[in-house]
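One structure below.
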Amino acid sequence: MKLLVTGGAGFIGSNFVIKSLRVKKDLEIIVIDKLNYAAHPDAIKNLERCKLVVDDICNKDAVFDLVKEVDAVVHFAAESHNDNSLRNPYPFIESNIVGTTNILEACKNYKVRLHHISTDEVFGDLALDDPHKFTRYTPYAPSSPYSASKASADMLVRAWVRSFGLEATISNCSNNYGPYQHIEKFIPRMITNRLMGVKPKLYGDGLNVRDWIHVDDHIAGVWLILEKGAPGQTYLLGANGEKSNLEVVKTLNRLMGYPEDDYEHVKDRAGHDRRYAIDASDTIAELGFSPKYTDFEAGLKATINWYSDHPEFWHLDKEAVENSYKQQGQ
Ligand code: NAD
Ligand code: TYD
């Protein structure tokens, strides 16, 4: 099988490429990635059966040329950070909406199977005491320019399925953690703060809840959908990992040898979603999805060890990332 992986030099994409090639010996991968600030091409550069094409999915001709060559496309490429989208939404509109349209047109043209990677953030947020979780039937209600751009992309995929019979699936996954995540994101920022002797910074009251899943479980879910998913269907991926940001920081402090309450509150995010929670029961029943990392503390410990062992991954960016947060009061 020959796959085109968009955004394969980013956090989830690179984990997908590395781990899929390791277990699937007849797999070939072409990555298209424009190598924005979140990319780390070194992680995939010398892999056998993997070719990296440095280009932008907004370049329609490049996308058409690559889609023509493959059996299926897994579409990770996106601008991915809410805080950045609040400062400048335009790259999100370009990459996440216009870029996705190019992928859809190319897949339609060459009749190529598409799996589109989306997020639970398209559903908006839940109250802390809401007994319901997100399902594939939850109406879309995105809050930020990032989640609105991802919701738009999902809607485009659905339109191409209905109007053109495109063989496409969508997954909406919860918050991922694991190796190779950019240090602008919550867990790697907190780990690398601690490694630099800086206190973790909690937005607002710190009681916002995220539903954490290890990136390897996300990847396993994507493969189940690629191999067994029904065309046109949406699958939710999550691992019952709900935790408040405060709980995450306290656990991280304890695991890294600091007092649990050694953190700071900083300015809240505008429009900050209160809670995300995924009900993955349809994906479990229909595809046998079964997350392996059920112990969040063990997964977090492994992630702390990875960032401690790989300063070359984050050291050069740390000062600039923190300066940018400082300007926002965060
Ligand atoms: P990331 O920012 O770490 O990586 C994105 C990659 O896409 C980067 O390598 C970047 O260079 C590339 N890219 C961006 N725009 C591009 C363009 N126009 N052309 C070519 N390449 C481009 O993001 P991530 O966390 O790995 O997220 C990957 C996907 O998973 C995104 O679609 C995101 O919405 C989705 N997702 C992420 C999470 C999460 O917790 N990180 C959860 C659910 C879904
Ligand atoms: P983030 O990793 O940006 O993911 P998302 O916004 O997609 O959920 O943030 C996760 C949570 O952590 C979110 O509630 C915002 C919060 N947060 C902090 O409290 N401090 C921080 O320094 C960052 C980056 C995020």
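Bear in mind these aren't lab numbers, they're just calculated from the coordinates by the rules spelled out. Quick caveat, the model's predicted, so the values are computed rather than measured. Every residue, glycine among them, receives a Cβ derived from its backbone with ideal geometry; neighbour counts consider all protein chains shown.
Observations
- If only the Cβ of Lys and Arg carry +1 and only the Cβ of Asp and Glu carry -1, the dipole of the stretch 1-123 around its Cα centre is close to 460 debye.
- Total charge dipole magnitude, the stretch 57-154, about the Cα centre, Cβ charges on Lys, Arg, Asp, Glu only, Debye to nearest 20: 340 debye
- Panel note: the C-alpha atoms of the stretch 219-300, placed on their principal axes, show extents of 48, 31, 17 Å (largest first).
- P(r) weight above 21 Å for the stretch 22-129, C-alpha pairs, percent: 43 percent
- Among Lys150, Lys292, Lys34, sorting on how many other beta-carbon atoms sit within 10 Å of each Cβ, with the fewest leading, yields Lys292, Lys34, Lys150.
- Estimated dipole of the chain in Debye, rounded to 20 [Cβ of Lys and Arg +1, of Asp and Glu -1, Cα centre]: 400 debye
- Whole-angstrom gap from the stretch 89-135 to the stretch 167-207, using each part's C-alpha centre: 20 Å
- Equivalent ellipsoid semi-axes - Cα gyration tensor, the chain, angstrom: 31, 22, 19
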